[in-house]
Amino acid sequence: YRKLYITGGYRMKRILSLLVVVALLLTSFTIPVVNAEEIEWSQDASLMNANDESGVTYKLTSDIGGTLTLTGQEIAIDLAGHTWQHNGTAIILNTGSIHVYDSVGGGTINVTASDAINMGNGTALFENITIKAGGSNMDAIFCDGGNLTVNNCTVSGPKAGINVCNSSEAVDVGARSVVTVNGCTFATYAGADKGIANCANFFIRIPSLT
């Protein structure tokens, strides 16, 4: 019995030693800050939905680039004072929902050669940010369906700040967009046509617009 006791104690010491080594190895790696609701983010936007996650808030810790395409996911992005700079469309919303806001101030989506936001359907909410499109004949937000709300933003594009163009409107009245704009500034530049344009019937609420 004594021999078994000594062997068991030796094995226990080895296990404890291995656990200590594993713990030390783990502390030597940089682990992203992740909790159930928020992920600190500094990578390309295209990687945000790589795991097909919903119910997540991505908080930027640096300026980023890239295109985020959503098909069914529901996410939020806190620009946190940073710039999302890209030469192509920054956000393509096919279905699902997205909420982009700024908790610090100065957050900007700046696209140099395309529409900044392209909505095919789904629900989008933009708050307290600047959305700017560049290039020829481009819109800051091109909305071809879904529900769009823009609160306290500065929105500008060479063609229009918001262009609502429901291609399916003629055959499906239920597909029309609902657009709500509160307290926004539509900054014209480079010969921009107008703040809000439309090439089909749509319903728009503008409680407060400058």
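The values are calculated or read from the model by the stated rules, or taken from the named source; none is laboratory data. Owing to the predicted nature of the structure, the values given are computational and were not obtained by experimental measurement. Please note: Cβ atoms are built from the backbone with ideal geometry, for glycine as well, and neighbour counts cover all protein chains shown. Each accessible area value is taken on the protein alone, full model and side chains, heavy atoms only, with ligands, DNA and RNA left out. Shrake-Rupley method; radii C 1.70, N 1.55, O 1.52, S 1.80 Å.
Test Gly72 against the stated conditions and say whether it is in contact (Cβ under 8 Å) with a residue 12 or more places away in the chain and either within 10 Å of the chain's Cα centre (by Cα) or within 19 Å of Ile109 (Cα to Cα) (or both). No, not satisfied. For region 95-106, the count of residues that are touching a residue at least 40 places away in the same chain (Cβ under 8 Å), open to solvent by less than 30 Å² (accessible area, probe 1.4 Å) and over 25 Å from Gly55 (Cα atoms) is zero. Check whether at least one residue in region 170-183 is assigned to a strand (DSSP E or B), modelled with pLDDT under 80 and buried (at least 18 other Cβ atoms within 10 Å of the Cβ), and report yes or no. Checking region 170-183: at least one residue is assigned to a strand (DSSP E or B), modelled with pLDDT under 80 and buried (at least 18 other Cβ atoms within 10 Å of the Cβ). Residue count for region 60-80 satisfying the condition of being assigned to a strand (DSSP E or B) and buried (at least 19 other Cβ atoms within 10 Å of the Cβ): 8. Within region 19-58, the set of residues being open to solvent by 90 Å² or more (accessible area, probe 1.4 Å) and either modelled with pLDDT of 75 or more or of a type in the set (Gly, Ala, Ser) (or both) comprises Ala36, Glu37, Gln43. Scanning region 107-141 for residues that are within 16 Å of Ile162 (Cβ to Cβ), more than 15 Å from the chain's Cα centre (by Cα), surrounded by fewer than 24 Cβ atoms within 10 Å (Cβ to Cβ) and among the hydrophobic types (A, V, I, L, M, F, W, C) returns a single hit, Met138. Restricting attention to region 59-87, the residues that are among the aromatic types (Phe, Trp, Tyr) and modelled with pLDDT under 95 add up to 0.
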